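K.L.:
I have a structure here, written as structure tokens, and I will follow up with some questions on it.
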Amino acid sequence: MTKGKVYFVGAGPGDEGLITVKGQKEIEKADVILYDRLLNPKLLEAAAFDCELIYCGKTPYATGISQGEINELLVSKALEGHRVVRLKGGDPAVFGRVGEEAESLKDEGIPFEVIPGVTSSIAASMYAGVPVTHRDYGRSFAMVTGHDQTKKDIDWNGLVSIDTVAFYMGVANLRSIRKNLINHGKPGNTPALVIQWGTYGRQESVEGTLDDIVERVSGRSLGNPAITLVGDIISLRGKLQWFERKPLYGQRFLVARTGTAKSALAEALYELGGEVMEFPKWNAEKVKIEESQLLAFLSYDRILFTSPESVHGFLDSLTEQAIDFRRISSKLYVLSRKSKKALQQRGLTAELKSGMPEAGTLLVVGDRNRDLRDPAHGDGDYIQSIAKFVDERFLEIFPRMLDGKPVGTVLFSNRHSVDMLMQYGNKANVDVEALLKQASIGVIGESTGNRLQDYGFTSDMMPKEPSVEQLVDLIVNRNVF
């Protein structure tokens, strides 16, 4: 069998937008992905449906998979002929053990490539408002592991002469780091900054000096993952903060998902600084429709599409059968603006279902089996143009997505989203009811709110008009008095 190849890919420190273009492409092409604890699980959504996802998470305080086992997995999967991605938080070459893992491949004659990523100290510092270099404050910069306070090979004399020093994962040893820096000549009034979960919406920063940073961090109960920054350049933070001033900074959202298309709601919250998780993850596959059926469908007076996926499935079937879109004489209707946009992208116009007349023959084009169709869509004929299904690989990932700071807000965009979060959240061994009890709940409209009440919950936010824009406005302004 032909040997495969391994790609070491830096995932960046948390914000999923920091993945490189080259790294993203390798995720999309991978047969197997071995991924770490600290990367954003959202990056895994780009993987092919048949890609094997293997969790290799380790924590500083618990035993997990060993480094030797990871090395063996990389070798065995590559020897099976697979294209393997070793997806690492930050940059693989900065305290990422890429050297050890690549050596194990070299010993077996397995080819590999290394795709750098944005390293945590530089990204987290800038997201906290601190550039690590500046011609007036910091012309030198050092990165140091903060794990082991007993290490004898740290050159403390050298470090105190460096303008800006970043310690990785050093919170547990912060007292020792302070002691060594001061004992070797660093002034106690040197600015210090600890950044936990850097570049995530849950990022938290504690600023002080070497004299008081231990007590300040202890008072806020910060822990790893964190970067500790030491240097005069931290004084620029007051002027250069940008991420922590976004309107939704510090807030965590869970958006209940019902489709494969990008969520406009999730995107809007992310742009405003929120940390957004989406669940469940969906995939789709085409349903074959015969040419004779398609031609018959074009004779209906009205066609109602229930989702963007149903739009694309139907129109793709027309294309495959070489049927010109211009033969569609039916009036087209949709349930959402997202579906309307999907039609517009294909050169067709539609109106929302609220404006659909009762008269005329009706064809409902959906993405569910006939026996699961929603009666509210109308009593016309029904065709399934695409099959959507939940990607169950993410049932294992979902509980880890919820680690850390609690979810503050759960959002539902339609009735179906309520059912799906309840069903698949519980299937993922997450207590969805407990999650909803401690969070604020937002719904897009009255029908969604009514479905939520069927489960015993009441929404805290509902826009006057069922639109993403109005719901986002409610979220942004809820704490503005």
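The values are calculated or read from the model by the stated rules, or taken from the named source; none is laboratory data. All figures in this text were calculated on a predicted structure; none of them were measured in a lab. Don't worry about glycine lacking a Cβ; one is built from the backbone with ideal geometry, like all the others, and counts go over all protein chains shown. Side chains included, ligands, DNA and RNA excluded: accessible areas come from the protein's heavy atoms. Shrake-Rupley method; radii C 1.70, N 1.55, O 1.52, S 1.80 Å.
K.L.:
For the range 317-365, state which GluC sites (Glu not before Pro) are in a DSSP loop and have at most 13 other beta carbons lying within 10 Å of their beta carbon.
P.N.:
Hits after loop and neighbour filter: E358.
K.L.:
Only one of the values [x] 23.7; [y] 22.7; [z] 25.2 was calculated from this structure for Kirkwood radius over Cα pairs in Å; name its label.
P.N.:
[z]
K.L.:
With charges only on Cβ, +1 for K and R and -1 for D and E, what is the dipole size of the chain about its Cα centre, in debye, rounded to 20?
P.N.:
Charge dipole, the chain, about its Cα centre: 820 debye, nearest 20.
K.L.:
Convert each backbone phi in the range 190-197 into a coupling constant with the Karplus relation 6.51 cos²θ - 1.76 cosθ + 1.60 (shift: θ = phi - 60°), then list the ³J(HN,Hα) values in order as whole Hz, x for Gly and Pro.
P.N.:
5, x, 9, 9, 10, 10, 9, 6
K.L.:
Among the lysines, which have Cα under 23 Å from the Cα of K5 when same-chain residues fewer than 8 positions away are ignored?
P.N.:
Once the sequence-local lysines are set aside, what remains near K5 is K22, K25, K29, K77, K88, K106.
K.L.:
For the range 213-368, what is the charge dipole size about the Cα centre, in debye to the nearest 20, if Lys and Arg each add +1 at the Cβ and Asp and Glu each add -1 at the Cβ?
P.N.:
Around 480 debye, computed over the range 213-368.
K.L.:
Which value, in Å³ per residue, describes the convex hull spanned by the Cα atoms of the range 285-357?
P.N.:
So the per-residue Cα hull volume is 81 Å³.
K.L.:
Here is a further query. Calculated FRET efficiency, S299 and D136, Cβ-Cβ r, R0 56 Å, to nearest 0.05?
P.N.:
That gives a FRET efficiency of 0.15.
K.L.:
Find which of I386, L44, S125 sits farthest along the positive direction of the dipole of the chain, computed with +1 on the beta-carbon of Lys and Arg, -1 on that of Asp and Glu, about the Cα centre.
P.N.:
The one lying farthest along the dipole's positive direction is S125.
K.L.:
Using the 2.2 N^0.38 Å rule of thumb for compact globular proteins, work out how the range 157-299 stacks up: its C-alpha Rg over that value, please.
P.N.:
1.66
K.L.:
Which residues' amide hydrogens lie under 5 Å from the amide hydrogen of Q384, considering only partners 5 or more residues apart or on another chain, with H built in the peptide plane?
P.N.:
G366
K.L.:
A follow-up question, please. Leaving out same-chain residues fewer than 8 places away, which lysines sit with a Cα under 22 Å from that of K179?
P.N.:
The qualifying lysines are K151, K152.
K.L.:
Please compute, for the alpha-carbon atoms of the range 226-357, the extent along each of the three principal axes and give them in descending order in Å.
P.N.:
Principal extents (largest minus smallest coordinate, Cα): 74, 30, 23 Å.
K.L.:
What residues qualify as long-range amide H neighbours of T209, i.e. H under 5 Å apart, gap of 5 or more or another chain, H built at 1.01 Å from N?
P.N.:
A192
K.L.:
Within the range 7-61, which chymotrypsin sites (Phe, Trp or Tyr not before Pro) sit in a loop by DSSP and count at most 15 neighbouring Cβ atoms inside 10 Å?
P.N.:
Qualifying residues, ordered by number: F49, Y61.
K.L.:
So for the chain, taking the charge dipole from beta-carbon charges (+1 Lys/Arg, -1 Asp/Glu), which of L193, L222, P116 sits furthest toward the positive end?
P.N.:
Of L193, L222, P116, it is L193.
K.L.:
More than 14 angstrom separation, counting every C-alpha pair in the range 1-87; what % is that?
P.N.:
Counting every Cα pair in the range 1-87, those more than 14 Å apart make up 62 percent.
K.L.:
Continuing with the same structure: Order of 244-252, 283-291, 203-211 by packing, highest average Cβ count within 10 Å first?
P.N.:
With the highest mean Cβ count within 10 Å placed first, the list reads 203-211, 244-252, 283-291.
K.L.:
While we're looking at this one, here's another question. Write down the Kirkwood hydrodynamic radius of the range 399-481, to one decimal in angstroms, obtained as one divided by the mean of 1/r over all alpha carbon pairs.
P.N.:
13.3 Å
K.L.:
Work out the charge dipole of the chain with +1 on the Cβ of Lys and Arg and -1 on the Cβ of Asp and Glu about the Cα centre, then indicate which of L295, T409, W156 is farthest towards its positive end.
P.N.:
Farthest towards the positive pole: W156.
K.L.:
I would also like to ask the following. Within 12 Å, Cβ to Cβ, of I328, how many net charges do the neighbouring residues add up to if Lys/Arg are +1 and Asp/Glu are -1?
P.N.:
Net charge around I328: +3.
K.L.:
Give me the 1.4 Å probe accessible area per residue for the range 300-450, excluding ligands and nucleic acids, in Å².
P.N.:
Here the residues of the range 300-450 average 47 Å² of exposed surface.
K.L.:
With an 8 Å cut-off on Cα pairs and a minimum separation of 6 or more residues, tell me the relative contact order of the range 413-465 in percent.
P.N.:
That works out to 39 percent.
K.L.:
Could you work out the relative contact order of the chain? I mean the mean sequence separation of Cα pairs under 8 Å and 6+ apart, divided by the number of residues, in percent.
P.N.:
Relative contact order, the chain: 11 percent.
K.L.:
Right, next: For the range 343-481, what % of the accessible area comes from carbon and sulfur atoms, probe 1.4 Å?
P.N.:
Here carbon and sulfur together make up 49 percent of the probe-accessible area.
K.L.:
Could you state the angle between the C-alpha long axis of helix 67-79 and the longest principal axis of the C-alpha atoms of the chain, as a value from 0 to 90 degrees rounded to the nearest 10?
P.N.:
Here the helix axis deviates by roughly 50 degrees.
K.L.:
So how strong a dipole does the range 145-204 carry about its Cα centre when Lys and Arg Cβ are +1 and Asp and Glu Cβ are -1, to the nearest 20 debye?
P.N.:
Dipole about the Cα centre, nearest 20: 200 debye.
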